[in-house]
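Enquirer: Dumping the structure here so I can ask a few things about it.
All of the numbers you see were taken from the coordinates with simple rules; none came from a lab. Just so you know, these numbers come straight off a predicted model, no measurement behind them. Because the Cβ atoms are built from the backbone with ideal geometry, glycine has one as well, and the counts that use them run over all protein chains shown.
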Amino acid sequence: MFSHVHQSRAAISRRSIVRGSVALAGASALGFATRSVHSQTAPRVRMDIATFAQDAGRLSRFEAALKQMQDASAANPNDPAGWLANANMHRDFCSTPGLNDPTQIHFCWWFLAWHRAYIFVTERKIRQISGDDSFSYPYWNWSTDRRIPAAYAKHGSSLAKAVRFTPNRGLSDGEVGLLHDDPAIEQLGVAALGATFFEAKTADDISNSFGGIARPNAEDAFDNNAIEGTPHGPVHNYVGGQRGNSVGDMGDFETAGRDPIFFAHHGNLDRLWETWRRDPARKATEPTVDAFQNHAFVFKWLDGTDVQVPMSDILDTTKLGYTYDSLDVNRPQAIVMAQQAAPEPLPPIATQKLAVPLAQQGADDGSRKYLEITGVAKPDTLLTVSVRVKPANAPASDPGIEIGTFAAVKNGGRIEWPSGRLAFDITNAARRFGGQEITVELIPHRLSPEADQTFPPLKYDKMNIVTKRR
Ligand code: C2O
């Protein structure tokens, strides 16, 4: 049970630490998380921040605990009980190692699992510091709330203490993964939820997988899985934004964990993992191999000691002591969000004409078509781009059909661009445009509060349409 954290520090260290960093299997894996969560109390419910903030006392206990951690870091950046030390755990797994380092937890099958464990550890720290035993970290439902929620944006609040150059606009449908062309995809709310399998078996599969590729893997491949690509990346870029050469905390993996909204953003992604798993057929596609199931992640507790969170707990949120208030993508309509006019689109940073192969008539063979862009050159600024298609003879004013969005996030001051290969499901649009020529346009999104943001042309080697069967 978790009561041990209310005891002395000595008791904490005796029970929960695994010294050193290895030996992730067997008895040593039964560390912090496992013991802590088999508690007699029912799991806490993680709430949408809109609901969480309705209780002013609850919100102020959260703010006070966060402030205490931020103040501890201000007094001593190395204080293990501080917020910076907590944020730096993300840097150490995400930014410091190279993209294909064995400890890197982005661009592979650890993406969802590691962030789940990281939110869990952070949540437990705040629960302890706040003394609020019912605390769980409130998530940001960006499908419904297209701007930073008030509680995370309130001037002077510890929940808003971060470097942010958020553009003065709301997130677009494409940035949160809502695509309208194919009704089956549209009704998912977040297109990535359409992924039918967890683990990518080949490099080619990564962008349509829900969970990513094994690390290590035979091809030495690494890239964004479906949800990691969008909405994960675009929401990072939106919150962080940039002004001149400065990038906000959320726009760079090195600093992202410093922004309290990081855990609210990843909380929502974590919630969507459960949404996806609600279909038992999906859950059944999660890897059963030991390399995945018997892994454990090591984090630092408030006293600087190591704590482990094993995959056996990660794969069942009730073992980690929480559930979600809802697994619906959108919050029920009862709370109506302010709509806003879409801002003027920026001019395309790439335009290409492409012949769409004639769609076969008759039986649907289950194959899907993808617009594939390869050899994409790294931009040198944050970038979030919508991919739109329209008939080649359509007027310039025709916005076309959005088939996807991609984002380049920074990592230690440099742009992350795992493979330079992007793929977007174009099945439905290709049916409509079969046998015709289309224009593909890459439209950047504003990522700055500055009025005049321009982006240089995006360079790439090739754009074409490929058919895949699974
Ligand atoms: Cu580890 Cu959203 O980044």
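Enquirer: How many angstrom lie between the C-alpha centres of segment 307-323 and segment 46-71?
Expert: Spelled out, the Cα-based centre of one part sits 23 Å from the other.
Enquirer: Between Asp71 and Asn168, what is the label-point separation in nm under the 7 Å Cα-to-beta-carbon projection?
Expert: 3.4 nm
Enquirer: For segment 125-138, just list the computed ³J(HN,Hα) in residue order, Karplus coefficients 6.51, -1.76 and 1.60, θ = phi - 60°, integers in Hz, with x standing in for Gly and Pro.
Expert: Working through the residues one at a time gives 4, 5, 4, 5, 5, 6, x, 8, 5, 9, 4, 9, 6, x Hz.
Enquirer: Okay, moving on. Whose amide H sits under 5 Å from the amide H of Val440, counting only residues 5 or more places off or on another chain, with H placed in the peptide plane?
Expert: Under 5 Å from the amide H of Val440 lie the amide H atoms of Gln352, Lys353, Leu354, each far enough along the sequence or on another chain.
Enquirer: I'd like the antiparallel share, as a percent to the nearest 5, of DSSP beta bridges with both residues in the chain.
Expert: Around 85 percent of the beta bridges assigned by DSSP in the chain are antiparallel ones.
Enquirer: With r defined as the distance between the Cβ atoms of Thr318 and Ala394 and R0 fixed at 51 Å, what FRET efficiency is calculated, to the nearest 0.05?
Expert: Rounded to the nearest 0.05, the efficiency is 0.50.
Enquirer: From the phi angles alone, apply the Karplus equation (6.51, -1.76, 1.60; θ = phi - 60°) to segment 167-177 and give each ³J(HN,Hα) in whole Hz, x where the residue is Gly or Pro.
Expert: Rounded to whole hertz, the list is x, 8, 6, x, 5, 7, 3, x, 5, 9, x.
Enquirer: On a straight-distance basis, which lysines could pair with Lys300 in a cross-link, Cα separation under 28 angstrom, same-chain partners fewer than 8 positions away excluded?
Expert: Lys67, Lys125, Lys161, Lys319, Lys410
Enquirer: Continuing with this model, one more query. In debye, nearest 20, what is the charge dipole magnitude of the chain about its Cα centre with +1 on Lys and Arg Cβ and -1 on Asp and Glu Cβ, if you could check?
Expert: The dipole magnitude comes to about 760 debye.
Enquirer: I want to make sure I understand the PRE zone here: with the label point 7 angstrom from the Cα of Arg243 toward its beta carbon, which residues in segment 433-470 have backbone N atoms less than 15 Å away?
Expert: 447-453
Enquirer: Something else now. Taking every pair of alpha-carbon atoms in segment 72-218, give the share separated by more than 21 Å as a whole percent.
Expert: Value for segment 72-218: 62 percent of Cα pairs lie more than 21 Å apart.
Enquirer: Could you please rank Ser157, Ser367, placing first whichever residue has the fewest other Cβ atoms within 10 Å of its Cβ?
Expert: Starting with the residue having the fewest Cβ neighbours, the order is Ser367, Ser157.
Enquirer: For segment 223-273, what does the convex hull of the Cα positions come to per residue, in cubic angstrom?
Expert: That works out to 77 Å³ per residue.
Enquirer: Report the full-extension gain for the segment Asp101 to Gln436: residue separation times 0.36 nm, less the Cα-Cα distance, to one decimal in nm.
Expert: Working it through step by step, the gained length comes to 116.2 nm.
Enquirer: Ok, one more. Which FRET efficiency value, to the nearest 0.05, is calculated for Asp303 and Asn330 with the Förster distance at 35 angstrom and r the Cβ-Cβ distance?
Expert: E between Asp303 and Asn330, to the nearest 0.05, is 0.30.
Enquirer: For the chain, what is the calculated [θ] at 222 nm in deg cm²/dmol (nearest 500), taking -39500 (n - 2.57) for each run of four or more DSSP H residues and dividing by its residue count?
Expert: Result for the chain: -7000 deg cm²/dmol, rounded to the nearest 500.
Enquirer: Measuring from label point to label point, each 7 Å out along Cα→Cβ, what is the Glu450 to Ser367 span in nm?
Expert: Output for this residue pair reads 4.7 nm.
Enquirer: Let's test the formula: R0 of 30 Å, r as the Cβ-Cβ distance of Ala150 and Glu186. What FRET efficiency results, to the nearest 0.05?
Expert: According to the calculation, E is roughly 0.60.
Enquirer: When the C-alpha atoms of the chain are aligned to their principal axes, what extent does each axis show, in angstrom, from largest down?
Expert: Principal extents (Cα only, largest first): 72, 48, 42 Å.
Enquirer: So what's the gap between the Cα centers of segment 175-192 and segment 219-274, to the nearest angstrom?
Expert: 20 Å
Enquirer: Per-residue HN-Hα couplings for segment 245-253, Karplus 6.51 cos²θ - 1.76 cosθ + 1.60 at θ = phi - 60°, whole Hz, x for Gly and Pro?
Expert: Taking θ as phi minus 60°, the curve returns 8, 8, 10, x, 3, 5, x, 9, 4 Hz for segment 245-253.
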